[in-house]
Each structure stands twice: as structure tokens, then as C-alpha cells.
Amino acid sequence: MKTRYTIKTIAVNLCRLVLAVTFIFSGYVKAIDPLGTQYKIQDYLGAVGLQGIIPDWITLLTSIGLSALEFSLGIFLLFAIQRRVVTKLIAVFMALMTLITLWLALFNPIKDCGCFGDAVKLTNSQTLVKNVILMACALIVARWPLQMFRLMSKSNQWIVINYTVLFILISSGYSLYKLPQFDFRPYHIGANIKQGMEIPKGAPQPVFETTFILKKNGEEKEFTLDNYPDSTWEFVDSKTVEIRPGYVPPIHDFTIERQRDGKDITQQVLTDKGYTFLLISPHLENADDTNFGDIDAIYEYAQQYHVPFYCLTASTKDAIQRWIDITGAEYPFCTTDETTLKTIIRSNPGLILLKNGTVIRKWSHNELPKEAKLTAPLDQLPIGSMPHDSIPKKILEILLWFVLPLFLLTLADRLWAWTKWLKKKENENRIYQLFNKKKKMRKKIVAGNWKMNKNLQEGVALAKEINDVLAADKPNCGVIICTPFIHLASVAQVIDQNVVALGAENCADKEKGAYTGEVSAEMVKSTGAQYVILGHSERRQYYHETAEILKDKVQLALANGLKVIFCCGETLEEREANKQNEVVKAELEGSVFNLSADEWKNIVLAYEPIWAIGTGKTATSDQAEEMLAYIRSIVAEKYGKEAAEDTTILYGGSCKPSNAPELFAKPDIDGGLIGGASLKAADFKGIIDAWKK
């Protein structure tokens, strides 16, 4: 059994690592190239006949959102944050992506899926295989999410969540305003365009096959060169198809035609030994014209120092003329393929500087060289040489801004968890306990459940009276009053919660939304309450609260910082049938035994035999002790002996000042959940004082 558990744990965490690394890499390379991801989304829209229907701003926001989602899910999975939710989201995400890539593999509407941006190119078949593997991993982690060990304590996970989302959105915004931090395209800085167009010697050549259609005696047949027939056949048609592709150079569609006369000046530009400015705008009608003054200044500088300057665009003559009218542009315009221009630079317009056909600088239209700095020939200016921001330097910056802070946070968190573990082990040490004079005691509690009693004024007066009485005569136990919802905020103002803690009688099983009349755990917490009663038999009986509903309520209460007083107990018929143990165990297993050990520390149990609630009947002290001892034993089975010994278990059911001393004298009874007797300060004080006897 142990071996099987270990294998399952290893498998889940290996799948988690594969998914996390893939999602982080995929999300990041797309996030730092939001325009490139937008272009790919537009390709998909074109493949289904929606090209031009969806506005560009929507596709751009989709690009940023999709990238951020992928990256964030990868980080959350790596740190095992919100394990159940995140693994389910990843499984749904992978299911959708697998269906899309199946469509791509079958019909090939787009040659490259764009999964990893321009960083890694996969065929559609390779992408499908990749996604099938990731889908299998996603199903495994979604099936056993709790097998993933955490890298970060639950209390500190919000830091990772917010920091991750903020980091990836800022990265996209930075790349959108400037240029992608990493350029994986063949026109990156340092690339020689002419060399990128060359086919190396010995590279595989494409293979073509020609088929001839011939006719004889009214019958048409197809032949190849290998079985070409005699001259009695009459030629009809022929067709040539590529049966095996050859080597395709990284740059294969770069041409420049002068717009005014259609002359191809590609080689002239690429073989120029000096500098050349290329202003790139796939579509001038969509270009940002806010910095046209800087462009004009750069063109004037280029003329002064005899540096060729061309504007490359795929726009029509009318669009070019409109740009000239708006900006007063005097530089020459040339025609280049739209896709090529979008690949060269992720800015519209953008500026690149060539030297002997090599890209040495790129600028977004938001950070063009300023006129004040263009005071000498290019070979004497910093912009006339390659920048010094190398790939290793950029990677180091990413590590310093994102990875290092998360690493230090994780290290601090794990050290803190380790010290807690050491402290726990120290407390478990028998020799330590022998010499430790202070023995840890379970918290003793007397909690009042007012139910649907007292109007607001009466409730505030009773709470103040109880507070004043106990402030004058300090109790030997913790005291809680659980009031109707309308009392909470007002009562919180008149009591000292160091003397009397405040709790609610219920909360909703929903976080928020259109649930008229419900009060959420967050609302309860906002009043100042510290506790909430859940699972009371009256809620189960009158409002049909099931174990699953209570499970959700408990989770929401704990998530909002409330401590839970969880009730359990059997009916008279179940007691007479000797099923009380079975009933109580089922109630606990259905609603609270799913909690983690840390979450369990915020649970107080209350055993209330239903036949003794408000009936005047009371379980004998021996009956109560027997049930509480049994409850403690099943807690020990679930969470261990130490946790069971630390769990406060209350008795509820017609507890009064007269019988409280006998009940509280039992070793497993840690106090009471008091109903009717809590509505009178004197009676409630009498029960509290039982701890002094």
C-alpha cells in the first residue's frame, strides 16, 4: 500500500512539473510578444471565416489575457496553489487546446499553432502529440490534486498569486510599449538578412512529380515519366505537385519594391556596406502617428549624413498618400509583404537600422532616437553599434525581478515551516514533556446559542450585562455568545472579546451572489465575529442542510478566518437503536474530516443529542462522557492522538447551572454549548462558574 502511494505521489508530481514548466514557458514567450500572439489569434479567426469581424483591441486583450492565464496557471501549479481549482482549470484548458490541435492536424488550416510563440516551432502533428501527453498529465493531477506537495504555506500563497499576475501583465505591457524582451524571429538584432535567405550547400531540395493526362480512343488516363506511353496517345493536360518539401531558409519572403516605379531594390539595400534606415509599417492606415515628428527628424538626419531611408509597407497608394498628408512625410515608400513586415518588428510603425545587411538596432515608435542626440555620423554614435543588452543579461534581469524574489519567499516560508516542525517534534518528545512543568491543556469553553430570541435592543443589553459580569469576575474558561445576525455588529461594539468572544449561529454555503436572505461567512467576519455555529440539528431538520452543504459552509467559514463550532448528535430513535456512534461518525466524515491538519485546529466540536435539546432531558454525565470519548477516538484515527487531545469537544443539550459541574468534571467534556440557559445572564454565569468548582 505504501509503495503504491509513493508511486502515485511521484507520478502526480512529475506530471505537475511537466505541466508547470510547459505552461510557464508557453505563457511567458507569448506574453512578451503580445502583438505576435494577436497575429496568431487573427490567423485562427481567418481560418474559421471571422477575419476582420473581431476588433483589433479585443484580439489584443485576448492575447494578453491568454498569455497571463497560461503563465499564472503554470506558476500556481508549480507552487501547488489552490490545488483543486487550478488542476481542474488546467484540465479544461488542455481539453480545449487538444480539440483545437486535433482540428489543426486533420485539416491543416494553419501551419504553426503558435503554442510557443516564435521560440519553438512545431508541426500540427507534433503539437497534437504534445497536447495528448499534456492532457494525460492534466487528468492525473486533476484526479489526485492533494498529492502535490506545497512549496508555499497556504497563508503566504496570496503573495505568489498577486506577484505572478502583476509580473506577467507588466511584462506584456512593457513589451507592447517598447519591443519584446526576447526576439526569436529571423530578423533579430545581429541577424544578417542576406545570409538568412541563403540555402546552404547540400541542403535537401524539394521533390516534384509531374503527371500527364493523355487520351486515346476516347479514354483518358494518367501517366508519369516512368510509364509514359507511345505517340498514339493524345496529350490533354499535365500537373506538377511537390511530393517532398526541401530546405526552407529562415528568411524566404523578404523583398523590397520601390513604390513609385515597382523596381526591386532588395539586393541594393542588403549589399549596401553602410547604414540603412527602414521604417516598417504593415498598414499605414493603422499606424500610430503620434511620433511622426521624430520620424521626420530621423529622415532629415539621414539625408544630412547620406544614409538611405525607406518606409516599407503593404498599404495601398491611397493609404500611403493619406499618411503623407497627415505627417508631411517626404521619405520614399516601398512595398513589402505584410506578414514579413509584421515579423520584422512588433511595432506599427517601427524603425530598424541595418549595416551591411545586418540588423543592429530596433526601435518601437514609442522610443525612437531623439533629434537632440543625432549630432554626428552613425559610426560615432552609440546607436550606430550593436547594443550591449545580451541574452544572458536579459535572462539575469528576469531572474532578479521574478525568480529570485519568489525563491527567497519560498526559502523563508520553508524555514518557518521547518521551525514549526522542530517545535512540534520537541513538544512530542517524552523527555521534554517530563521536564516541562506546563502541561498543554485543551481550551475549556462555554458557548451560548441564543437561537431566534431577543430583539436588537434586548440582545445588546444582555450581551453588555454578560460582559460586565464576567469582566468583574474573571471566568476560568473561554466564553462565547452566538447571536442572531442582526445583533452581531451592535454586540461587537459593547463587549470586550478578550472576555466574551462573539459568534454567529449560521452562515451561507455560497461565497456571494443572488441568494436573497443569506448571510455569507465574509459578512459574518466583517461584523467582528470570531466563531460560527454550523451543523446544528435544527438547521439539519428544519432547513434540510446536508453533509455536502455543511462541508461547503465549513470551508467558506475557515477561508474567511472564522472558527467553527461544529455540531453532531443522534435522534432518540437512533439512540434507542444503538446507532449513535455510527450517526455521529457519518456526520463528521461528511463535513469536517476532509479538512487539513492546519484547518482542523480551528474546529470546536459540540455533541448535542437531539433528544436532549430543549426538551428538559439531559444525557447523564456518563452517557455524555462515553460519546465525547468516542468522538475523540475517531478524531485520533483521522488526525492523530495529539490533534485529538488538543480538540475541544463541548456537550450541548439542556445543560443548566445545576448539572454543569457534574458534566464538566468528566475528562473528555471540555465545556458546553448552551441554549435556553444562555438567555439569562445569571444562569449563563452559573454554568460558566462550574469550571471554578
A 1.4 Å probe over the protein heavy atoms gives the chain a carbon and sulfur accessible-area percentage of 58
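Calculated FRET efficiency, Ala682 and Ser153, Cβ-Cβ r, R0 45 Å, to nearest 0.05?
Plugging the Cβ-Cβ distance into 1/(1 + (r/R0)^6) gives 0.50.
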For Ile54 and Ile326, what does the FRET efficiency come to when R0 = 30 Å and r is the distance between their Cβ atoms, rounded to the nearest 0.05?
0.70
Given 0.36 nm per residue, what is the gain on full extension from Ala203 to Gln268 after removing their alpha carbon distance, in nm?
20.8 nm
Rolling a 1.4 angstrom probe over the protein heavy atoms, how many square angstrom per residue are accessible across the chain?
52
How far, in degrees from 0 to 90, does helix 34-47 lean away from the longest principal axis of the Cα atoms of the chain, to the nearest 10?
80
Please compute the length gained on full extension between Phe223 and Leu399, using 0.36 nm multiplied by the number of residues separating them and subtracting their Cα-Cα distance.
57.1 nm
Classify segment 146-277 as rounded, prolate or oblate from the Cα gyration tensor: take a ≥ b ≥ c as the square roots of its eigenvalues, call it rounded if a/c is under 1.5, otherwise prolate when a/b beats b/c and oblate if not.
oblate
Have a look at Leu134, Ile466, Cys15 and report the one farthest towards the positive end of the charge dipole of the chain, computed about the Cα centre with Cβ charges (Lys/Arg +1, Asp/Glu -1).
Ile466
For helix 56-78, report the angle its Cα long axis makes with the longest principal axis of the Cα atoms of the chain; keep it between 0 and 90° and round to the nearest 10°.
50
What accessible surface, in Å², does a 1.4 Å probe find on Val165, ignoring ligands, DNA and RNA and rounding to the nearest 10?
50
With DNA, RNA and ligands ignored, accessible area of Phe25 (1.4 Å probe; Å², nearest 10)
90
Along Cα→Cβ, 7 Å out, is where each label goes; now give me the distance between the ones at Leu96 and Thr123 in nm to one decimal.
2.8
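Could you list, in their original order, any pairs among Lys579/Lys601; Lys454/Lys525; Lys656/Lys693 whose Cα atoms are separated by more than 26 Å?
Violating the 26 Å limit, Cα to Cα: Lys579/Lys601.
Once fully extended, how much extra length lies between Ala559 and Leu456, figured as 0.36 nm per residue of separation less the alpha-carbon to alpha-carbon distance?
Value of the extension gain: 34.2 nm.
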Which residues among segment 360-404 fall inside the zone where the amide N is under 19 Å from a point 7 Å beyond the Cα of Asp296, along Cα→Cβ?
365-374
Can you give me the Cα centroid spacing of segment 245-268 and segment 373-397 in angstrom?
28
For Ile64, Ile133, write out the residues from largest to smallest accessible area, computed with a 1.4 angstrom probe and no ligands counted.
Ile133, Ile64
Label point distance in nm, Leu411-Ala136, each placed 7 Å from Cα along Cα→Cβ
3.8
How much solvent-accessible surface does Trp363 expose, in Å² to the nearest 10, with a 1.4 Å probe and all protein chains in place?
20
Report, ordered by chain and residue number, the aspartates and glutamates lying within cross-link reach of Lys685, taken as a straight Cα distance under 17 Å and ignoring same-chain residues fewer than 8 apart.
Glu465, Asp468, Asp473, Asp496, Glu662, Asp670
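Take Trp611, Trp158 and sort them by solvent-accessible surface of the protein heavy atoms, 1.4 Å probe, largest at the top.
Trp158, Trp611
The values are calculated or read from the model by the stated rules, or taken from the named source; none is laboratory data. Not measured: the values here are computed from a predicted model. Methodologically, a virtual Cβ is constructed for each residue, glycine included, from the backbone with ideal geometry; neighbour enumeration extends over all protein chains shown. Side chains included, ligands, DNA and RNA excluded: accessible areas come from the protein's heavy atoms. Shrake-Rupley method; radii C 1.70, N 1.55, O 1.52, S 1.80 Å.
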